[in-house]
There are 2 protein chains.
Amino acid sequence: MLIHYGGGSVKRTGLYDAVCRSLEAQGIEYLSLGGVRPNPRSGLVYEGIALCHKEKVDFVLAVGGGSTIDSAKAIAAGTVYDGDFWDFYEGKPVEKALPVATVLTIPAAGSEGSPDSVVTHEDGMRKRGATGEALRPVFSILNPELAFTLPKYQIACGVCDIMAHVFERYFTPTKDVDVTDRLCEALLATLIKEAPKAVLNPEDYGAQANIMWAGMVAHNNIVGVGRVQDWSSHDIEHELSALLFDVAHGAGLAVVFPAWMRYVYKKDVMRFAQLATRVFMIPMDFENPENTVLAMIERLKQFWRSLGLPVSFAEIGAKEEDIDFMAEHISYGADGLGGFMKLYAENVKEIYRTAL
Amino acid sequence: MLIHYGGGSVKRTGLYDAVCRSLEAQGIEYLSLGGVRPNPRSGLVYEGIALCHKEKVDFVLAVGGGSTIDSAKAIAAGTVYDGDFWDFYEGKPVEKALPVATVLTIPAAGSEGSPDSVVTHEDGMRKRGATGEALRPVFSILNPELAFTLPKYQIACGVCDIMAHVFERYFTPTKDVDVTDRLCEALLATLIKEAPKAVLNPEDYGAQANIMWAGMVAHNNIVGVGRVQDWSSHDIEHELSALLFDVAHGAGLAVVFPAWMRYVYKKDVMRFAQLATRVFMIPMDFENPENTVLAMIERLKQFWRSLGLPVSFAEIGAKEEDIDFMAEHISYGADGLGGFMKLYAENVKEIYRTAL
């Protein structure tokens, strides 16, 4: 078995040792490969694949957060593939991989329950995703106590990432999906209730348990069934954190999402009003439902700010003069970005401007 | 592959032929075994196992509702087991089984997503359950159009069964499970909204789609994570439908559940009040929260009655003089029935009396 992990935190907290002792007690042989960074890179994946070949590894255990898990998935797929693992990140579906399991330390990315992996190729710093049921972990250990040592800001970023995974699924042009709407709303309501408790006291077991489980459910796609989904905000955010290295993905999403909502809500005012009344408890303005939506967007910004997250370009050091470059750097394909409302560079510029 | 099915309805609707044509188009060899009855029996399971051995079957496809799926699971486990398949229904965990898949025709039992199976042994008519991850279907086809031909009463019974699966998980002594509460509430709110549409017009695709998906999510245990769960009402109902053969499980639950709620709610008034306000939109009575709960129980009975379901002994032909026999026939074990509040024969008699 290969234990795959990131930096020093799993060693510092004693988790790495606990995992090793547990494997030894069961007589399971292992070797380990650390060094995964946020936005995991191809270099370490190639190293992991070579190691798995050499040592005939048949199982990959990721101990860490989303980056570690994504890197482990890449190694697992690449080890049983004759070609370059990067093929999967250029669109080839993953049909076979070593089994991957996880010990999750950061509730955020949802990779512990998803069939997806995102890796950045060091040649050109291309950040791409691969997918396939073979990448879904065979089991994941979600122990809320492992989140007790996270910095408060990282807890907040994780919550924002989880909320964004739900929003991306909630905003859809499809109809007839009340059950999916309700499940999405259930997760959001939970996060709004529990996140302030976890940020106030990271050792609040109940809050961390709810957040950790919500993070898995938010992204294993059970709350995405029956819909087109959107995902443009993730792409719009990516340019921000690509340009400003010290902006966490979750923080970037806190900046982008309210601006995206403000730009697109007229496409389906009633869907936004439904979210506003059911989750954010904004009273419905029946004369002018748009007021309900605008009040919700403000409430969302207040909520994220209360967790210590930035909600504007100014707060993360992004600048108006970066907007054209970022908007034009996104790949829009033939159909534009997003499933809820198609966006092109001109639209994305407006969204960035709204976030100034 | 073995196609396993029930009575004439899948033949009448053309579904059986469609499945066969689809398998033939893919060059998949199959044989078939029909005749599953509601409350599936051991006799047909033994026949199925013998057939699978003789024909070297390696895959079981259930085409039907919960009974057919449960019977298919029993065959799948028994075929790869040296002993009597009934061992699994007497408590032996199922660790190996042929892969089972399903084409679901009745949203109700949730067996299409669960690791469980309930079969009745003809020797003594013992109704027992088996469980094990190996019994979880490898895939299930949930096509809402297959529910279009269901009788309205059966749709209503199915909805009641699904709601009961959620209630059994909602009422728990465990704390710190807000996310599970919210997911349960999401399903219940959806069912309350969609069921009347499906009963009014069984060809309402959206309503049937929501109900069908809610039925799977309600019982694959994603809404049961982190809790003890209750399940006493299922046992209390079982005696009713065992005594009165023509009472459907869902109809029996509509009679039992409000009476159970009335009997146990004082154990945790606030949990019931939470359900009342969040799902049934009953205004909270802060001076006397019990009023909120009692109003919800009445609302629930009204709702089930509006779907055409019975909510009292009188409506299903059960009699007061049956109560002692039924209550004393239940197996209470050492710890009593149920995880929310422990019940014994005396308590169950009271619950039956409340349902008169």
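The values are calculated or read from the model by the stated rules, or taken from the named source; none is laboratory data. Predicted, not measured: the structure shown is a model, and the values here were computed from it. Neighbour counts run over all protein chains shown; Cβ positions are idealised from the backbone, glycine included. Quick note on the areas: whole protein, heavy atoms, side chains included, nothing else; ligands and nucleic acids left out. Shrake-Rupley method; radii C 1.70, N 1.55, O 1.52, S 1.80 Å.
Points to keep in mind about this one:
- Label geometry 7 Å along the beta-carbon vector: B:Lys175 inter-copy distances in nm: 4.6
- Along the axis of the charge dipole computed for segment B:2-154 (Cβ charges of +1 for Lys and Arg, -1 for Asp and Glu, origin at the Cα centre), the listed residues B:Thr120, B:Ala108, B:Leu150 are led at the positive end by B:Leu150.
- Label 7 Å beyond Cα on the Cβ vector: A:Gly14 copy-to-copy distances, nm: 6.7
- Amide H contacts of A:Ile141: A:Thr102, A:Val103, A:Leu104, each under 5 Å away and 5 or more positions distant or on a separate chain (H built 1.01 Å from N in the peptide plane; Pro and chain starts excluded).
- Fraction of alpha-carbon pairs over 18 Å apart in segment A:247-356 - percent: 53 percent
- Taking Cα centre as origin and charging only the Cβ of basic (Lys, Arg, +1) and acidic (Asp, Glu, -1) residues, the dipole magnitude of chain B rounds to 560 debye.
- Test item: A:211-223 mean partner chain Cβ contacts at 10 Å: 3
- Surface/4 estimate of mean projected area, convex hull on alpha-carbon atoms of segment B:8-107, nm²: 6.6 nm²
- GNM flexibility winner over chain B from B:Val118, B:Val100, B:Val225 (Cα, springs under 10 Å): B:Val225
- Computed from label points 7 Å out along Cα-Cβ, the spacing between A:Arg305 and A:Ala345 is 3.4 nm.
- Cβ-based net charge around B:Cys20, under 14 Å, with every Lys or Arg adding one and every Asp or Glu removing one: -1
- Each Lys and Arg contributes +1 and each Asp and Glu -1, all at the Cβ; summed about the Cα centre of the protein assembly as shown, the dipole is approximately 520 debye.
- In Å, descending, principal axis extents of the Cα set of the protein assembly as shown: 82, 64, 50
- The charge dipole of segment B:1-62, taken about the Cα centre with unit charges on the Cβ atoms of Lys, Arg (+1) and Asp, Glu (-1), comes to about 280 debye, rounded to the nearest 20.
- Protection proxy ranking, peptides A:231-240, A:107-116, average beta carbon neighbours within 10 Å, highest first: A:107-116, A:231-240
- Just checking the listed ones, A:Asp87, A:Asp161, A:Asp178: in the Gaussian network model of chain A with Cα springs under 10 Å, the one fluctuating most is A:Asp178.
- Percent of Cα pairs in segment B:150-289 per distance bin of 5 Å, from zero to the largest separation: 2, 10, 19, 21, 21, 16, 9, 3, 1, 0.
- As an equivalent ellipsoid, segment B:34-165 spans semi-axes of 24, 16, 13 angstrom, where each value is the square root of five times an eigenvalue of the C-alpha gyration tensor, largest first.
- Axis-proximal residue of chain A for the rotation onto chain B, reported as residue and distance in whole Å: A:Ala186, 2, based on Cβ position.
- Modelled this way, with points 7 Å down the Cα-to-C-beta line, the labels at A:Leu200 and A:Glu290 are 3.7 nm from one another.
- Computed FRET value (nearest 0.05) for A:Asp82 with B:Leu23, which takes r as the C-beta separation and R₀ as 41 Å: 0.80
- q = 0.09, 0.12, 0.15 Å⁻¹, chain A: log10 I(q)/I(0) [Debye, one scatterer per Cα]: -0.49, -0.88, -1.35
- Rounded to the nearest 0.05, the FRET efficiency derived from the C-beta distance between B:Val269 and B:Thr149 at R0 = 35 Å is 0.20.
- For B:Leu31 and A:Glu320, a Förster radius of 51 Å and the Cβ-Cβ distance give a FRET efficiency of 0.15, rounded to the nearest 0.05.
- Per-residue average of Cβ from other chains inside 10 Å of A:197-206: 1
- Contact order for chain B, expressed relative to its length and based on alpha carbon pairs under 8 Å spaced 6+ residues apart, stands at 13 percent.
- Under the criterion of Cα pairs below 8 Å and six or more residues apart, the relative contact order for segment A:142-264 equals 37 percent.
- With Cα atoms, 0 to 90° folded angle of helix B:345-354 axis to chain B main axis: 80 degrees
- Relative packing of A:195-204, B:26-35, which averages over residues the other C-beta atoms within 10 Å, highest first: A:195-204, B:26-35
- Between helix A:178-200 and chain A: long-axis angle, C-alpha atoms, 0 to 90°, nearest 10: 80 degrees
- Computed over segment A:71-120, relative contact order equals 44 percent, with contacts defined as Cα pairs under 8 Å that lie 6+ residues apart.
- Chain A against chain B buries an accessible area of about 1900 Å², both chains summed, 1.4 Å probe radius.
- Surface composition of segment A:191-250: carbon plus sulfur atoms contribute 60% of the solvent-accessible area (1.4 Å probe, protein chains only, all chains present).
- Full-extension gain in nm, B:His53 to B:Phe245, via 0.36 nm per residue minus C-alpha separation: 65.8 nm
- When you count the other C-beta atoms within 10 angstrom of each residue and take the mean per peptide, B:316-322, A:254-260 line up highest first as A:254-260, B:316-322.
- Peptide A:168-179 - average C-beta neighbours from other chains (10 Å radius): 4
- For segment A:253-354, the share of accessible area belonging to carbon and sulfur comes to 50 percent (1.4 Å probe, ligands and nucleic acids excluded).
- Cα convex hull volume per residue for segment A:104-206 (Å³): 145 Å³
- Degrees between helix B:42-55 axis and first principal axis of chain B (Cα, 0 to 90, nearest 10): 30 degrees
- 14 Å reach of a label modelled at A:Ser312, 7 Å along Cα-to-Cβ, counting backbone N of segment A:285-305: A:298, A:301-302, A:305
- Label spacing, shortest first and in nm, from B:Met125 to its equivalents in the remaining copies (7 angstrom along Cα→Cβ): 7.5
- Computed with a 1.4 Å probe over protein heavy atoms only, the accessible surface of segment B:115-159 comes to 49 Å² per residue.
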